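**Student:** Quick one: the structure is below, and I'll ask about it shortly.
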Amino acid sequence: IINNSSGPGLTLNQSASVSGVIGFTAGKINTSSAHLLSVLNGAATNPGNATSFVNGPLRKIGNEAFEFPIGKNNSWGRLSISAPTNANSEFTAEYFDAAYSNTSSVNSPLANVSSVERWNLFRTNSTDSVEVSLYWDNAASSNISDCSILTMARWNGSAWDNVPCSTVGNCNGTASGLTQSDSVLVNYGIFTFGYLDVVTGIKENAISNVQLFPNPNNGKATLYLKDNYSQASFRLLDISGKTIIGLRNLTAEQ
């Protein structure tokens, strides 16, 4: 049982494995790729909490569904997988409280991806495929405000791809929730929250047909559609990708 919130927590200076149960109550276990903590087949943990988790990579060996009690610094960022087939399957997960180095290269239907957090998930010792879920503990802290455009994204080596998923929970204020992939995944690596492009009627590359003035402004502005679009949508994002204003079914008269 991890129940000591004083100091920097428990730091591994060699790799260790658990064959029983870890209970996270208070305090953290600090791990690294060189000093890894592994939860063996048949072993278990609770999901942790905002003050108690594995601060670093955590490996799960076995064929059980597993919720990784992981986080970074003062951020709790769980990830879960469905049950693998092989009892020797190894999945290693780590949460980061910072964006990946590239957040601008996205493939349709993604509009952008999270600028505040990401996960690493790697599979070894098997070819098993699992469903993946990403959790948020505080929607505002994760820059989540609209469940209708929230999705999961995976880095393919050169850009972010959308991972079709379902959202469970609340995307408002300090609420919590998760996104779960709709099917098992074949490829793993770097994951984060993504936001779908819901713009219809106005192509993003047709910005010459739209005017927003004055620019810059003090919070009040006019959106002018030069052409007579019968239906258009407008979404204003801040620099982090959070939706500030979303308008739909606009016409030229508006």
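The values are calculated or read from the model by the stated rules, or taken from the named source; none is laboratory data. Fair warning: this is a prediction, and the values are worked out from it, not measured in the lab. In this analysis, Cβ positions are derived from the backbone assuming ideal geometry, glycine residues included, and neighbour counts consider all displayed protein chains. Surface areas here come from the heavy atoms of the whole protein model, side chains and all, with no ligands, DNA or RNA. Shrake-Rupley method; radii C 1.70, N 1.55, O 1.52, S 1.80 Å.
**Student:** Would a scan of segment 119-131 turn up a residue that is among the basic types (Lys, Arg) and within 14 Å of the chain's Cα centre (by Cα)?
**Tutor:** Within segment 119-131 (the criterion being among the basic types (Lys, Arg) and within 14 Å of the chain's Cα centre (by Cα)), the answer is no, since none of the residues qualifies.
**Student:** Out of the residues in segment 134-143 meeting the condition of being crowded, with 18+ Cβ neighbours inside 10 Å and free of Cβ contacts under 8 Å to residues at least 60 places away in the same chain, tell me which one is farthest from the chain's Cα centre (by Cα).
**Tutor:** Ala139
**Student:** If you take the residues of segment 1-18 that are within 17 Å of Pro69 (Cβ to Cβ) and among the hydroxyl-bearing types (Ser, Thr, Tyr), which of them is modelled with the lowest pLDDT? Write out each step before concluding.
**Tutor:** Here is the first cut: in segment 1-18, the residues within 17 Å of Pro69 (Cβ to Cβ) are 1-5, 9-12, 16-18.
Adding the requirement that they be among the hydroxyl-bearing types (Ser, Thr, Tyr) leaves 5, 11, 17.
Numbers: Ser5: 82, Thr11: 95, Ser17: 97.
Per the stated criteria, the residue is Ser5.
**Student:** Identify, by number, the condition in (1) modelled with pLDDT under 95; (2) on the phi > 0 side of the Ramachandran plot; (3) in contact with a strand residue (DSSP E or B) (Cβ under 7 Å, 6 or more places away or on another chain) that Gly48 doesn't meet.
**Tutor:** (1)
**Student:** Here's something else I'd like to know. Scan segment 2-14 and give yes if some residue there is open to solvent by 60 Å² or more (accessible area, probe 1.4 Å), without any contact (Cβ under 8 Å) to a residue 24 or more places away in the chain and in contact with a Leu (Cβ under 6 Å, 6 or more places away or on another chain), otherwise no.
**Tutor:** no
**Student:** Has segment 22-29 got at least one residue that is under 24 Å from the mean Cα position of the chain (by Cα) and closer than 30 Å to Trp160 by Cβ?
**Tutor:** Yes: one or more hits.
**Student:** Further, regarding this structure: Quick check, is Ser80 over 17 Å from the mean Cα position of the chain (by Cα), open to solvent by less than 40 Å² (accessible area, probe 1.4 Å), at pLDDT 95 or above and not hydrophobic (A, V, I, L, M, F, W, C)?
**Tutor:** On the way: over 17 Å from the mean Cα position of the chain (by Cα): no; open to solvent by less than 40 Å² (accessible area, probe 1.4 Å): yes; at pLDDT 95 or above: yes; not hydrophobic (A, V, I, L, M, F, W, C): yes.
In short, no.
**Student:** Then there's this: With respect to Ser104, is the statement that it is at negative phi and in a loop (DSSP other than H, G, I, E, B) true?
**Tutor:** Spelling it out, Ser104 is indeed at negative phi and in a loop (DSSP other than H, G, I, E, B).
**Student:** Same structure again: With the structure loaded, tell me whether Asn73 is open to solvent by 40 Å² or more (accessible area, probe 1.4 Å), under 25 Å from Gln180 (Cα atoms), touching a residue at least 24 places away in the same chain (Cβ under 8 Å) and more than 19 Å from the chain's Cα centre (by Cα) or whether it fails that test. Walk me through it before giving the result.
**Tutor:** Working: open to solvent by 40 Å² or more (accessible area, probe 1.4 Å): yes; under 25 Å from Gln180 (Cα atoms): yes; touching a residue at least 24 places away in the same chain (Cβ under 8 Å): yes; more than 19 Å from the chain's Cα centre (by Cα): no.
Answer is no for this residue.
**Student:** Okay, next question. Given the residues Val184, Val199, Val130, which is the only one that is open to solvent by less than 50 Å² (accessible area, probe 1.4 Å) and either of a type in the set (Lys, Arg) or at pLDDT 95 or above (or both)?
**Tutor:** Details: Val184 fails: open to solvent by less than 50 Å² (accessible area, probe 1.4 Å); Val199 fails: either of a type in the set (Lys, Arg) or at pLDDT 95 or above (or both).
That would be Val130, the only listed residue that is open to solvent by less than 50 Å² (accessible area, probe 1.4 Å) and either of a type in the set (Lys, Arg) or at pLDDT 95 or above (or both).
**Student:** Next up: Counting only residues that are over 19 Å from the mean Cα position of the chain (by Cα) and farther than 22 Å from Thr179 by Cβ, how many does segment 42-58 have? Talk me through it step by step, then tell me what you get.
**Tutor:** Filtering segment 42-58 for residues over 19 Å from the mean Cα position of the chain (by Cα) gives 42-46, 51-52.
Filter once more, keeping what is farther than 22 Å from Thr179 by Cβ: 42-44, 51-52.
Of the residues in segment 42-58, 5 are over 19 Å from the mean Cα position of the chain (by Cα) and farther than 22 Å from Thr179 by Cβ.
**Student:** Name the pairs whose Cβ atoms lie under 6 Å apart, with the first residue in segment 86-99 and touching a residue at least 24 places away in the same chain (Cβ under 8 Å) and among the β-branched types (Val, Ile, Thr), the second in a strand (DSSP E or B) and open to solvent by 40 Å² or more (accessible area, probe 1.4 Å), and 6 or more positions between them or separate chains?
**Tutor:** Thr92/Arg59; Thr92/Phe122
**Student:** Output the residues belonging to segment 160-175 that are touching a Ser or Thr at 6+ places or on another chain (Cβ under 8 Å) and surrounded by 14 or more Cβ atoms within 10 Å (Cβ to Cβ).
**Tutor:** Residues satisfying the conditions are Trp160, Asn162, Val163, Cys165, Thr167, Gly169, Asn170, Cys171.
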